[in-house]
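Everything on this sheet refers to the single structure shown next.
The values are calculated or read from the model by the stated rules, or taken from the named source; none is laboratory data. Note that the coordinates shown come from a computational prediction; the quantities given were computed from them, not determined experimentally. Cβ: placed from backbone, ideal geometry, glycine included. Neighbour counts: every protein chain shown. These area figures cover heavy atoms from the full protein model, side chains too; ligands, DNA and RNA do not enter into them. Shrake-Rupley method; radii C 1.70, N 1.55, O 1.52, S 1.80 Å.
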Amino acid sequence: MANDVRPESMARINTPELAQAFIDEQITEIRAQVGDKKVLLALSGGVDSSVCAALISKAIGKQLVCVHVNHGLLRKGEPEQVCEVFGKQFDVNLIYVDAIDRFLDALAGVSDPETKRKIIGKIFIDVFAEEARKLEGVSFLGQGTIYPDILESHGVKAHHNVGGLPEDMRDFELVEPVKFLYKDEVRCVGHELGLPDNMVYRQPFPGPGLGVRCVGAITRDRLEALREADAIVREEIGKLPVTPWQYFCAIPDIQSTGIKYVDGKGERYMGWAVVIRAVNTVDAVTATVPEIPFDVLCKMRDEIVKIPGVNRVLWDISEKPVATIEWE
Ligand code: XMP
């Protein structure tokens, strides 16, 4: 059984020097473990998988094959950034899979949040497994497991993705270079590896992505409106001197009456309400709502109501409990 306990002697990585020493040590270890074989890695663009990919690529170059599955539920600009950073800057072997129709077709008409999550999780594994089977000579699976994942797996959550893989893919040996790191250390190492700040310091984003924020049965038009509104909120709240822990939008499946002036004449304009959500928390178990300056709220409102199909903007001031952070 793999060693899952962080060595007591391991210093907290919080300086560029310690991060560089860790990178050098991992490069040696990864080379020794992998030899001349290939490593496959599902690269979401999140901090953990990105740092893991960057580290492994520094160690073994083109022996690393990354698969980026675009499920259509990513934030604006994310798939493009993964292709830019890993396909160009890090020059890894990157397989980009446009699976948007497959996910959105399977989700059409599904409104139950847990069913939505299951569909997204299952198709993700199916797409990844299909890509893996097309490749030859892959012996290792890279995973961005971090230390809190290991701690939580003792009782609370299943340990990352491995459990969900089909039988024929469970024989891969794992390469988990950041498995003893806490999140702040992963960010420190990512920064030292040269990953862009908006990737290294990005806020938490759920695996099912915008799927749990496009409340109820997802439609492509409402999802697109959400993606645009989310980009506006990330941009504007991101400019505050102190940013909240997490800030995003949700878009409930409700239309309300609005009015639009065409040639000076008011016409009824049925539209969606975009909800702005910002929270502060330490561990996501409870959360409070920070103050957002009114002029910032108004600026976001003015941009968001320009999005086709949107006629209202709300600010969610609910704390956790009794609300959860996400709307689903
Ligand atoms: P809730 O909504 O439970 O969210 O208060 C707590 C934190 O967890 C994130 N979250 C998820 N992350 N898969 C994930 O990887 C999920 O299905 C999921 N649901 C919620 C959420 O963004 C928040 O940071």
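Observations on the model:
- Measuring against 28 Å, Cα to Cα, the residue pairs 116/260; 88/183; 37/76; 38/88; 179/239; 118/306 contain 116/260; 37/76; 179/239; 118/306 as the ones spanning a longer distance.
- Antiparallel DSSP beta bridges within the chain, percent to nearest 5: 35
- Inter-centroid distance (Cα atoms) of segment 210-244 relative to segment 57-87, Å: 21
- Which of 180, 95, 193, positive extreme of dipole for the chain (C-beta unit charges): 95
- Heavy-atom accessible surface of the chain: percent carbon and sulfur, 1.4 Å: 54
- Once the 1.4 Å probe is applied to the protein heavy atoms, the chain comes out at 49 Å² accessible per residue.
- Accessible-area rank, largest first, for 49, 111, 139: 111, 139, 49, with all protein chains present and a 1.4 angstrom probe.
- If you take the Cα centroid of segment 246-263 and the Cα centroid of segment 1-33, the two points sit 48 Å apart.
- Take residue 169: with every protein chain present and a 1.4 Å probe, its accessible area is about 10 Å².
- Exposure rank, largest accessible area first [105, 302, 126; 1.4 Å]: 105, 302, 126
- Basic side chains Lys and Arg get +1 at the Cβ, acidic Asp and Glu get -1 at the Cβ, and with that the dipole of the chain about its Cα centre reaches some 660 debye.
- Charge context of residue 196, other residues only, Cβ under 10 angstrom, K/R +1, D/E -1: -1
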